[in-house]
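Structure, as structure tokens:
The values are calculated or read from the model by the stated rules, or taken from the named source; none is laboratory data. Note that the structure is a prediction, hence the values are computed from the model and not measured. When we count neighbours, we look across all protein chains shown, and the Cβ atoms used for this are built from the backbone with ideal geometry, even at glycine.
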Amino acid sequence: MHRWLWLLAGALSLLLGVIGIVVPLLPTTPFVLLAAACFSRGSARWERWLLAHRQFGPIVRDWREHRAVPLRAKQFATVMMVFGSAFAAWRLPMLNWLPALCCSIVALWLWRLPTRQAAASIAPVSEWRAMDRQSGAGGAGSSHSGNSDSD
């Protein structure tokens with residue numbers, strides 16, 4: 001029963017993260033990280049799926065490897081929260097300041113986390129190959145690791 005609660009919490013967190021892609025007041029990154037933490041306790045299969053996901057996997061892997069959030073994710077989340085808060089302040093009849101307060105708290109938390117610089121992503125392909133050979137190509141850093149449908 002305990003496992004199902006973690007799975008449900010992970011699914012709900014991931015759903016909020018996906019909604020956060022299009023709704024500026026919901027930042028995606030914190031919800032994806034929360035989903036990964038829940039899945040790690042509730043379902044190895046869902047955790048592997050999330051780690052191998054094209055969009056969400058790098059966020060989780062960066063967090064687990066470096067305890068850092070990519071700079072671009074922080075910037076994008078902040079910009080979306082600013083636009084969403086401004087829109088809410090303009091459109092909400094009452095408590096129009098509340099979304100800005102919530103987003104400010106989330107932004108403060110997000111920017112206090114360590115930042116993962118994108119310098120490695122612009123390295124020449126030859127350097128990537130050298131890094132793959134050193135790390136044993138297809139190891140923990142590979143986007144295809146743990147992607148198995150055998151569960």
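Tell me, which residue of the stretch 19-48 that is more than 16 Å from Gly84 (Cα to Cα) and among the aliphatic types (A, V, I, L, M) is surrounded by the fewest Cβ atoms within 10 Å (Cβ to Cβ)?
Ranking the candidates gives Ala44 first.
Does any residue of the stretch 68-75 turn out to be at pLDDT 95 or above, touching a helix residue (DSSP H, G or I) at 6+ places or on another chain (Cβ under 7 Å) and surrounded by 15 or more Cβ atoms within 10 Å (Cβ to Cβ)?
Of all residues in the stretch 68-75, those at pLDDT 95 or above come to none.
Among the residues of the stretch 68-75, not one is at pLDDT 95 or above, touching a helix residue (DSSP H, G or I) at 6+ places or on another chain (Cβ under 7 Å) and surrounded by 15 or more Cβ atoms within 10 Å (Cβ to Cβ), which makes the answer no.
So Ala9 passes all but one of these: (1) of a type in the set (A, V, I, L, M, F, W, C); (2) over 11 Å from the mean Cα position of the chain (by Cα); (3) buried (at least 21 other Cβ atoms within 10 Å of the Cβ). Which condition number does it fail?
Here Ala9 meets the rest and fails (3).
If we scan the stretch 24-37, do we find a residue that is more than 22 Å from Thr115 (Cβ to Cβ) and modelled with pLDDT under 90? Show your work before the answer.
First, pick out the residues of the stretch 24-37 that are more than 22 Å from Thr115 (Cβ to Cβ): 25.
This time we only want the ones that are modelled with pLDDT under 90, so: 25.
Checked the stretch 24-37: at least one residue is more than 22 Å from Thr115 (Cβ to Cβ) and modelled with pLDDT under 90.
Restricting to the stretch 105-118, and then to whatever is in a helix (DSSP H, G or I) and β-branched (Val, Ile, Thr), can you tell me which residue is nearest to the chain's Cα centre (by Cα)?
First, pick out the residues of the stretch 105-118 that are in a helix (DSSP H, G or I): 105-112.
Adding the requirement that they be β-branched (Val, Ile, Thr) leaves 105-106.
Values: Ile105: 17, Val106: 14 Å.
Per the stated criteria, the residue is Val106.
Please specify each residue of the stretch 19-42 satisfying the condition of being hydrophobic (A, V, I, L, M, F, W, C), in contact (Cβ under 8 Å) with a residue 60 or more places away in the chain and out of contact with any Ser or Thr (no Cβ under 9 Å at 6 or more places or on another chain). Write out each step before concluding.
Here is the first cut: in the stretch 19-42, the ones hydrophobic (A, V, I, L, M, F, W, C) are 19, 21-23, 25-26, 31-39.
If we keep only those that are in contact (Cβ under 8 Å) with a residue 60 or more places away in the chain as well, we get 23, 25.
Correct list: Val23 only.
If you take the residues of the stretch 86-128 that are of a type in the set (Gly, Ala, Ser) and at pLDDT below 85, which of them is nearest to Pro70 (Cα to Cα)? Spell out the reasoning first.
Within the stretch 86-128, the first condition is being of a type in the set (Gly, Ala, Ser), and the residues that meet it are 86, 88-89, 100, 104, 107, 118-121, 123, 126.
Remaining after also requiring at pLDDT below 85: 118-121, 123, 126.
Values: Ala118: 7, Ala119: 11, Ala120: 11, Ser121: 11, Ala123: 16, Ser126: 23 Å.
Among them, the one singled out is Ala118.
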